[in-house]
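**Student:** So that we are looking at the same thing, I have put the structure below in structure tokens.
The values are calculated or read from the model by the stated rules, or taken from the named source; none is laboratory data. Since we're looking at a predicted model, the values are computed, not measured. Here the Cβ positions follow ideal geometry from the backbone for every residue, glycine too, while neighbour counts run over all protein chains shown. Protein only, heavy atoms only, side chains kept; ligands, DNA and RNA dropped before computing areas. Shrake-Rupley method; radii C 1.70, N 1.55, O 1.52, S 1.80 Å.
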Amino acid sequence: MRVVETIKNIWKIEDLRNRILTTLLLVAIYRFGTFVVLPGIDPKALTALQEQTRGGLLALLDMFSGGAFSNASIFALGIMPYISASIVMQLMAIAVPSFQKLQREGESGRRKINQWTRYLTVAILLFQGPTYLVNLSVQLKAAGAALPAGIWFTISSTIILAAGSMFILWLGERITDKGVGNGISFIILVGIIARLPHSLFQEFISRTSEKTGGLVMFLFEMLFLLLVIAGAILLVQGTRRVPVQYAKRIIGNKQYGGARQYIPLKVNAANVMPIIFAQAIMFIPISIVGFSNQQDQSGFWAAFMDNTGFWYNFVFAVLIILFTYFYTAITINPTQMSDDLKRNNGFIPGVKPGKNTKDYLDAIMDRITLPGAFFLALVAILPAFARIAGVSMEFSQFFGGTSLLILVGVVLDTLQQIESHLLMRHYDGLLKSGRIKGRSGTVAAY
């Protein structure tokens, strides 16, 4: 069989074999840490916290942390603080001239930005640590337990939580250097996949033991999930290639340029960022209701408390479309692309260099971003349709949203890297025909 032959070829390549084994070892260390509970906390009293993380934004955080958030683990804060710091630094690199200058300095500038990103990550962790402990205290009281008293417990636990997140970051960097794929993205992927077997098993038990459609309905769910995954792959890989012709230059006795190349403009250049931004905003009404003393909500508040309702998902989809255009506008710079082409004696056939090239690229981005934004919004609200169809809350999260896009993107990027190792040693690729295409851009999940 071709699968067995491919596995044998992978095992024959010593470098690739060592990278895969190193990745598995580091992932095992990460998964072990997600079950190590903070000192002084009774694991049996975490039922209220685990119930709190079954829905809303906290369910997303718990998924990204691989269940460490609901386990009150030393890895409870996960890798999300680093991702938040990275997003802030990306935005500053676009808006602040001094950061733009650092980006143009090459490797030295990148090291400085990475160093400041880590400082910002530590600052976020020192703020989120006590906040997490306050929420944990409330949930433990609901279960009839309590956190250890004293300021020393708060300080020591905050340091442990911050150190745990920074250790996850170190594991991710080691996976990038010594393993396979992008380490940070791979750790998020592991956290998402860790919940899949339990959710799938619970859905199977629910369908077969209750009068909810039986095995036929479960098989229909699996078929629909495969169709959604196929659509997510198309969204992740979709590009519009713009042809670029480079003028011939003769330097000495050698001729340079003259070849035609392509600029791959992504249909979904914003990746999952619009969904993350929109979810943060949609969580505001839920937070306000949570801090209020009113038990019964109606009207506006009731509409935004129901994540399967029409108005919640309509506003959610509109926000995603708007944020897709916003994030694409700040990450894709047609003016800079036009200047780079002109500086390297390149031009788009039939389009004059300069402003005309910039307007041409702008028009293409507007045309391909619109269907990409609508499809991204559709993928984001698919879990709501799954819930309406009777799919359990945990399993419905795999029918769309951030988790599905990250899962598809990271898997494609990792398989593409493995295939590159095989082709470089003159072995067949992972597919019988064609090559595995990644996201044609950054391999990060965010």
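**Student:** Looking at segment 247-293, which of its residues are touching a strand residue (DSSP E or B) at 6+ places or on another chain (Cβ under 6 Å) and modelled with pLDDT of 70 or more?
**Tutor:** Of everything in segment 247-293, those that are touching a strand residue (DSSP E or B) at 6+ places or on another chain (Cβ under 6 Å) and modelled with pLDDT of 70 or more turn out to be GLN261, TYR262, ILE263, PRO264, LEU265, LYS266.
**Student:** Filter segment 345-358 for residues that are part of a helix (DSSP H, G or I), touching a residue at least 12 places away in the same chain (Cβ under 8 Å) and surrounded by fewer than 19 Cβ atoms within 10 Å (Cβ to Cβ) and give the result.
**Tutor:** LYS355
**Student:** While we're on this one: Suppose we filter segment 96-122 for residues that are under 23 Å from the mean Cα position of the chain (by Cα) and among the aliphatic types (A, V, I, L, M); how many remain?
**Tutor:** So the answer is 3.
**Student:** crowded, with 16+ Cβ neighbours inside 10 Å, at pLDDT 80 or above and more than 19 Å from GLY78 (Cβ to Cβ): does that describe VAL180?
**Tutor:** So VAL180 fits the description; yes.
**Student:** Scan segment 10-40 for residues that are under 11 Å from LEU171 (Cβ atoms), among the hydrophobic types (A, V, I, L, M, F, W, C) and open to solvent by less than 60 Å² (accessible area, probe 1.4 Å) and report the count.
**Tutor:** 3
**Student:** I would also like to ask the following. Return the pairs, sorted by first residue and then second, in which the second residue is at pLDDT 80 or above and surrounded by fewer than 18 Cβ atoms within 10 Å (Cβ to Cβ), the first residue lies in segment 404-427 and is β-branched (Val, Ile, Thr), the beta carbons are less than 6 Å apart, and the residues are 6+ apart or on different chains.
**Tutor:** Qualifying pairs under 6 Å: VAL408/ILE233.
**Student:** List the pairs whose first member sits in segment 96-125 and is within 17 Å of GLU173 (Cα to Cα), whose second member is assigned to a helix (DSSP H, G or I) and open to solvent by 80 Å² or more (accessible area, probe 1.4 Å), and whose Cβ atoms are under 8 Å apart, counting only residues at least 6 apart or on separate chains?
**Tutor:** Close Cβ pairs satisfying both conditions: ARG110/GLN103; ILE113/GLN103.
**Student:** Just give me the residues in segment 139-149 being surrounded by 13 or more Cβ atoms within 10 Å (Cβ to Cβ) and either out of contact with any Leu (no Cβ under 8 Å at 6 or more places or on another chain) or among the β-branched types (Val, Ile, Thr) (or both), in sequence order.
**Tutor:** LYS141, ALA142, ALA145, PRO148
**Student:** Among the residues that make up segment 309-329, is at least one of them of a type in the set (Val, Ile, Thr), surrounded by fewer than 19 Cβ atoms within 10 Å (Cβ to Cβ) and at pLDDT below 80?
**Tutor:** Checked against the condition, which is being of a type in the set (Val, Ile, Thr), surrounded by fewer than 19 Cβ atoms within 10 Å (Cβ to Cβ) and at pLDDT below 80, segment 309-329 yields no hits at all.
**Student:** What single numbered condition from (1) open to solvent by 20 Å² or more (accessible area, probe 1.4 Å); (2) among the basic types (Lys, Arg); (3) closer than 29 Å to PHE399 by Cα fails to hold for ARG111?
**Tutor:** ARG111 satisfies all of (1) open to solvent by 20 Å² or more (accessible area, probe 1.4 Å); (2) among the basic types (Lys, Arg); (3) closer than 29 Å to PHE399 by Cα except (3).
**Student:** With SER206, SER199 as the choices, which residue is under 21 Å from PHE64 (Cα atoms), touching a residue at least 24 places away in the same chain (Cβ under 8 Å) and either of a type outside the set (Phe, Trp, Tyr) or open to solvent by 60 Å² or more (accessible area, probe 1.4 Å) (or both)?
**Tutor:** Exactly one of SER206, SER199 is under 21 Å from PHE64 (Cα atoms), touching a residue at least 24 places away in the same chain (Cβ under 8 Å) and either of a type outside the set (Phe, Trp, Tyr) or open to solvent by 60 Å² or more (accessible area, probe 1.4 Å) (or both), namely SER199.
**Student:** Which helices (runs of 4 or more DSSP H) sit wholly inside segment 1-114 and have at least 2 residues that are at pLDDT 85 or above?
**Tutor:** 14-33, 80-95
**Student:** Could I ask something else about it? Please go through segment 126-154 and give me each residue that is in a helix (DSSP H, G or I) and touching a Gly at 6+ places or on another chain (Cβ under 9 Å), ordered by number.
**Tutor:** Once the filter is applied, which keeps residues that are in a helix (DSSP H, G or I) and touching a Gly at 6+ places or on another chain (Cβ under 9 Å), segment 126-154 yields PHE153, THR154.
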